[in-house]
Amino acid sequence: MRATISHGIYSVVMESIASLIAGQPKGFPLAQEFYSDPEIFRRDMNRIHLRRWLCVGHESRIPKKGDWFRFDIAEESIVLVRGRDDQIRGLINVCQHRGSRVCYEESGNGNVLVCPYHAWTYDLEGRLRSARQMGEDFETSAHRLPQVHVRILEGLIFVCFAENPPSLDDAARVLRESIGRYGWANARVAHRQTYSVDANWKLATENYQECYHCTPAHPEFSRLHATEKPDHEVAELRAEAAERARAMGIEIPEISHWPDSAPGEEMADSSYDAIYPGSVTGSEDGQPVAPLMGDFTDYDGGFCYADVGPASFFLAYPDHGLMYLFIPRGPQKAEMEIVWLVAGDAREGVDYDLAKLTWLWDVTSVADKLIIDQNQQGVNSRYYTPSAYGPMEEMTRTFTEWYLQEIEDGPST
Ligand code: FES
Ligand SMILES: [Fe+2]
């Protein structure tokens, strides 16, 4: 069976994608081509990322009317802009004249968006307002930048490129009952950092979904989080933390609709976990790094994970939050954009020290980049012959099985 999936990395000419899927042994990591082939990457984008909801940032990034930032994924680019009516829209960053990007920069502010090529000028709703010297018959009003769907949940900006996006009702409830309790709707971005990985997006996602690697790769994280304690000890710690949270009127539900979701709904989950006794948050020494957020009046000894859609992952401590956005760029190129959130009124240098706030998840992300890059290199080898997933890789196995179904089903690309 493995013989059908062991040829070169840049083409699946000899095998159709369907036969690769059919030849994929159950419970095993994916065949090499799924992490390298341009045609499979294109299918991933068309059937997964461009059909589903993606978080692109926190709305505090564009607080004022006319503020905008650019979000790129594979060959697509959108501009998230706050309009005169205070609504955030997602405008496709492709000029309707001859296709140039309209916004070259990463972010900006203005009353209009002007394409630098020939100066076609769009308003903040994407309507073409002026086009120089196009002749008398030219109808300005016939042109506008296309838009993607945009929804804001707990301050998080989600976009979907599909004409008919999946419902976000379930995800809205999951986020409200998890990170919503940590006050993310009123949070503010304290820092953003992009870690480029020379790997297929699935290797980054698979890595995020298991903590089998945490002890060897993340000693800093493992010191604080109960990742490899025996199950009954973890359960005990979690129960104690949950009890302290309940005393503050907070109860984070365990919801697992990720990656499998109800029909028509976007996938989403939330879970609650414990920090080692003596530590209260995700910092170098486990001690507080910023003012408490949301409904928290004290530290509970716990933290919360939430996931929505194929590429957006969230982690909330009582005093700060992390957004993990995994952005595919090419068959072996992706970005992990990490966003640190603090309470909306927290002031840098007064209420928190940025270096202390970002220390743990920077160290952890640098280590993740290294292991994901090295993973891709090994996967590219002709000697790549993976073993079956182990018990601590259950979520990764579930993800890869879901993935194979997603790219197999539905209309062709
Ligand atoms: S391509 Fe934008 S103005 Fe010509
Ligand atoms: Fe990791």
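The values are calculated or read from the model by the stated rules, or taken from the named source; none is laboratory data. Everything numeric in this text was worked out from a predicted model, so none of it was measured. In this analysis, Cβ positions are derived from the backbone assuming ideal geometry, glycine residues included, and neighbour counts consider all displayed protein chains.
Some values worked out for this structure:
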{"quantity": "Residue that is farthest from ligand 2 (Cβ to nearest atom) [pool: residues in region 378-395 that are within 21 Å of Pro219 (Cα to Cα) and assigned to a helix (DSSP H, G or I)]", "calculated": "Pro391"}
{"quantity": "Candidate set: region 88-126, residues that are of a type in the set (Phe, Trp, Tyr) and buried (at least 16 other Cβ atoms within 10 Å of the Cβ); chosen: the one nearest to Asp67 (Cα to Cα)", "calculated": "Tyr122"}
{"quantity": "Set Glu105, Glu125: member being among the acidic types (Asp, Glu) and under 30 Å from Ala171 (Cβ atoms)", "calculated": "Glu125"}
{"quantity": "Residue satisfying condition, being assigned to a helix (DSSP H, G or I) and within 16 Å of ligand 2 (Cβ to nearest atom), within set Thr398, Thr364", "calculated": "Thr364"}
{"quantity": "From Gly278, Gly282, Gly301, Gly309, residue being in contact with a Gly (Cβ under 7 Å, 6 or more places away or on another chain) and either in the same structural domain as Arg176 (by TED's automatic domain parsing) or modelled with pLDDT of 95 or more (or both)", "calculated": "Gly278"}
{"quantity": "Residue match in region 333-344 (condition: out of contact with any helix residue (DSSP H, G or I) (no Cβ under 8 Å at 6 or more places or on another chain) and free of Cβ contacts under 8 Å to residues at least 24 places away in the same chain)", "calculated": "no"}
{"quantity": "The listed residue being under 30 Å from Ala290 (Cβ atoms) and not hydrophobic (A, V, I, L, M, F, W, C), out of Thr358, Thr398, Thr385", "calculated": "Thr358"}
{"quantity": "Residue under evaluation Asn375, criteria (1) touching a residue at least 60 places away in the same chain (Cβ under 8 Å); (2) away from ligand 2 (no atom under 16 Å from the Cβ); (3) polar (S, T, N, Q); (4) assigned by TED's automatic domain parsing to the domain that holds Tyr212, criterion not met", "calculated": "(2)"}
{"quantity": "Odd one out for His7, checked against (1) within 30 Å of Glu401 (Cα to Cα); (2) at pLDDT 95 or above; (3) part of a loop (DSSP other than H, G, I, E, B)", "calculated": "(2)"}
